[in-house]
Amino acid sequence: MCALINAYDVRQESEMLQPLDFNRRLRLKQVAKVFKAEISNVIRLTEMEKLFHLRIVDDTDRERFTFLPGQFVMVEVPGYGEVPISISSSTSNKGFIELCIRRAGTVTGALHRARRGAMVGIRGPFGTHFPLKRMKGRSVILVAGGLGLAPLRAPIFHVTENRSDFQDIHILYGTKSPEQLLFDYQYEAWRRIDDVNIQIIVEEPNEAWTGPVGMITKLLDDVKVDPSETFAIVCGPPVMFKFVCQRLSKMGIPMDRMFVSLERRMHCGMGKCCRCNVGSTYTCTDGPVFDYWSVINLKEAI
Ligand SMILES: Cc1cc2nc3c(=O)[nH]c(=O)nc-3n(C[C@H](O)[C@H](O)[C@H](O)COP(=O)(O)OP(=O)(O)OC[C@H]3O[C@@H](n4cnc5c(N)ncnc54)[C@H](O)[C@@H]3O)c2cc1C
Ligand code: FES
């Protein structure tokens, strides 16, 4: 219980309290509550990933459900278990949430077999978020590797839907092969938004690939920003965000202005079970979003 109280102290930040449009006590009840949700659509993205639209069945709960970019939900598949999944949709989307899910094992495998109309449970939203209000008026570099585009998609929607609030926006995305690229149907739409620089790179091109080839850090060679006026959001496997953050650091961007999302095995998602902690830090409530300075000072975090 102590950890739970600490978790919500983290939420004292004024920005954090804003979307919680009902009072704190009710909020605590809400995060423990399981919302019954219908899988209203399933879109196959790649061999391994599918995009799920989840619609909370109860009208009032659906209206009230809000989240911030970077937060996650616990998805329960009856008879199989529960897994943490980042919310991958725009915060302005009120009818349903989107989750991009890779087939990894028991629960995600069951979800991949589920059809439209199937029912699941969702709890949340949980965890910290990317501090987009702090980034207002500045340039933002958003970098994702592989499945990292799933948590990055919500902040991408935020900066593109509020384009005039930011200076330069750079979206950089890389995967091993073109077949693994997620949301490729969306890049053109993001590109068409006024003055957004989006670049995609793959390590192992196929014959049809005409874009850049190499590691994602290569894309940073062409990014020109004033480092004192720039924030970065980096999502992907730890080895990737380590290299990207080191490169951003060389560009002069302070480590406490780079934000990453950490993944740990989770059980409760709300600071009760001690499954996800790194030392005394709970990834589910103190994170999953951390600034890079905190991450490198967190022993065994990466
Ligand atoms: C905050 C957070 C957000 C996440 N967001 C997404 C997302 O948007 N999309 C998505 O596809 N996945 C996401 N994950 C990972 C997802 O939760 C795991 O893939 C899932 O729990 C695996 O459960 P399973 O029952 O299918 O696999 P299991 O049968 O439990 O395990 C299968 C394999 O996956 C590995 N695994 C299990 N959990 C994790 C984990 N947390 N991190 C890394 N490897 C794991 C196991 O070691 C094992 O090798 C997120 C995880 C966290 C903590
Ligand atoms: S304390 Fe239970 S998942 Fe973090």
Counting only backbone N atoms under 20 Å from a point 7 Å out along Cα-to-Cβ of R265, the residues of region 73-94 in range are 73-77, 79-86
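How much mean residue ellipticity at 222 nm does the chain get from its helices, if each DSSP H run of length 4 or more adds -39500 (n - 2.57) and you divide by all residues, to the nearest 500 deg cm²/dmol? Provide the component values of the computation, followed by the final result.
Working: 9 runs with 73 residues, N = 302.
That calculation yields -6500 deg cm²/dmol at 222 nm.
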Of the candidates T46, F35, H129, the farthest towards the positive dipole end of the chain (Lys/Arg Cβ +1, Asp/Glu Cβ -1, centred on the Cα centre) is F35
Between S280 and E38, Cβ-based FRET efficiency (R0 51 Å, step 0.05) works out to 0.85
With bins of 5 Å, the percent of all Cα-Cα pairs of region 218-281 per bin from 0 is 3, 15, 22, 18, 14, 10, 8, 7, 2
When the charge dipole of region 211-302 is computed with +1 on Lys and Arg Cβ and -1 on Asp and Glu Cβ about the Cα centre, the Cα farthest towards its positive end, among T281, V223, F243, belongs to T281
With Rh as the Kirkwood radius over Cα pairs, the chain has Rg/Rh of 0.94
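Under a Cβ-Cβ cut-off of 14 Å, what is the net charge of the residues other than S88 that fall near it, where Lys and Arg count +1 and Asp and Glu count -1?
Values: positive: K50, R102, R153; negative: E49, E98.
Charge balance near S88 sits at +1.
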Straight-line reach check, K94, cutoff 16 Å on alpha carbons, 8 or more apart in-chain or any other chain, hits among aspartates and glutamates -> D21, E38, D58, D59, D61, E63, E161
Under the 7 Å Cα-to-Cβ spin-label approximation, M251 and E203 lie apart by a distance in nanometres of 2.1
R55 neighbourhood, Cβ < 13 Å, K/R = +1, D/E = -1, net charge -2
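In debye, nearest 20: dipole of the chain around its Cα centre with unit charges on the Cβ of K, R (+) and D, E (-)? It would help to have the intermediate numbers written out before the result.
Numbers: 39 positive and 34 negative charges, 199 e Å.
Computed about the Cα centre, the dipole is about 960 debye.
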Between the alpha carbon centres of region 77-138 and region 234-255 the gap in Å comes to 25
Between T66 and D222, Cβ-based FRET efficiency (R0 35 Å, step 0.05) works out to 0.45
Restricting to lysines and to Cα separations under 29 Å from K250, and discarding same-chain partners fewer than 8 apart, the set is K133, K136, K176, K218, K224, K242, K299
If every Lys and Arg gets +1 and every Asp and Glu gets -1 at its Cβ, then about the Cα centre region 208-302 yields a dipole, in debye to the nearest 20, of 360
In vacuo Debye sum over C-alpha of region 139-261, base-10 log of normalised intensity I(q)/I(0) at q = 0.10, 0.11, 0.22 Å⁻¹, listed in q order, is -0.27, -0.33, -1.40
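Values quoted throughout were computed directly from the atomic coordinates according to the rules given, and no laboratory measurement underlies them. Values in this document were obtained by computation on a predicted structure and should not be read as measured data. Glycine gets a Cβ as well: all are built from the backbone with ideal geometry, and neighbour counts include every protein chain shown.
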